[in-house]
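Since the structure comes first, as structure tokens, the remarks are kept for the end.
The values are calculated or read from the model by the stated rules, or taken from the named source; none is laboratory data. Nothing here was measured: the structure is a model prediction, and the numbers come from that model. Note that we place each Cβ from the backbone using ideal geometry, even for glycine, and neighbour counts take in every protein chain shown.
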Amino acid sequence: MKRAILLAPLFVFVFYLVGFSLTVQSIQCGTGVKNRKIMSPKSEFKVGEKVYCLTVLTDIKKPTYIIHRWVLDDRHFDVKLKVKPYKRFRTWSYKTIYPSMMGVWKLEVLDSNGNLLREKIFTVK
């Protein structure tokens with residue numbers, strides 16, 4: 001009986017960690033977002049364009065946030081995005097690309113603890 005009482009908090013803690021996870025269903029990059037859908041999806045962009053990345057999340061159990069980390073070489077730019085508890089939730093951010101920002105980019109989607117959930121690679125020429 002004492003063992004069950006001692007282990008109960010551990011089970012509650014594990015349930016808390018597992019129960020509030022979220023899943024990245026997809027990441028798409030394009031030239032805009034309209035009606036919560038990516039416009040002109042592509043993986044290669046030109047200098048001067050705005051690159052929009054839309055993330056579709058599922059199974060969100062509680063209000064939280066994700067981070068869109070835009071990575072180029074040794075630089076990164078973070079955008080914190082609120083996420084609401086829905087079965088399916090869409091959110092996006094964008095980056096304006098300047099001449100000094102050509103190269104292979106990576107958009108990382110991180111959870112509120114900084115864990116990498118998924119990433120998307122695109123190129124700017």
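The table that follows gives values for the structure above.
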{"item": "Tyr86 vs. criteria assigned to a loop (DSSP other than H, G, I, E, B), touching a residue at least 12 places away in the same chain (Cβ under 8 Å), among the aromatic types (Phe, Trp, Tyr) and more than 23 Å from Lys42 (Cα to Cα)", "result": "yes"}
{"item": "Among (1) out of contact with any Phe, Trp or Tyr (no Cβ under 7 Å at 6 or more places or on another chain); (2) charged (D, E, K, R); (3) modelled with pLDDT under 95, the one test that Glu119 misses", "result": "(3)"}
{"item": "Close pairs from the range 21-33: first without any contact (Cβ under 8 Å) to a residue 40 or more places away in the chain, partner of a type in the set (Gly, Ala, Ser) and not in a strand (DSSP E or B), Cβ under 6 Å, at least 6 apart", "result": "Gly30/Ser40; Thr31/Ser40"}
{"item": "Tally, over the range 69-102, of residues that are of a type in the set (Ser, Thr, Tyr) and either more than 11 Å from Val51 (Cβ to Cβ) or modelled with pLDDT under 95 (or both)", "result": "4"}
{"item": "Enumeration of residues in the range 59-80 that are within 27 Å of Thr123 (Cα to Cα) and surrounded by fewer than 16 Cβ atoms within 10 Å (Cβ to Cβ)", "result": "Tyr65, Asp73, Asp74, Arg75, His76, Phe77, Asp78, Lys80"}
{"item": "Flag for Lys95 being touching a Leu at 6+ places or on another chain (Cβ under 9 Å) and surrounded by 15 or more Cβ atoms within 10 Å (Cβ to Cβ)", "result": "yes"}
{"item": "Test: Arg118 is surrounded by 14 or more Cβ atoms within 10 Å (Cβ to Cβ) and under 14 Å from the mean Cα position of the chain (by Cα)", "result": "yes"}
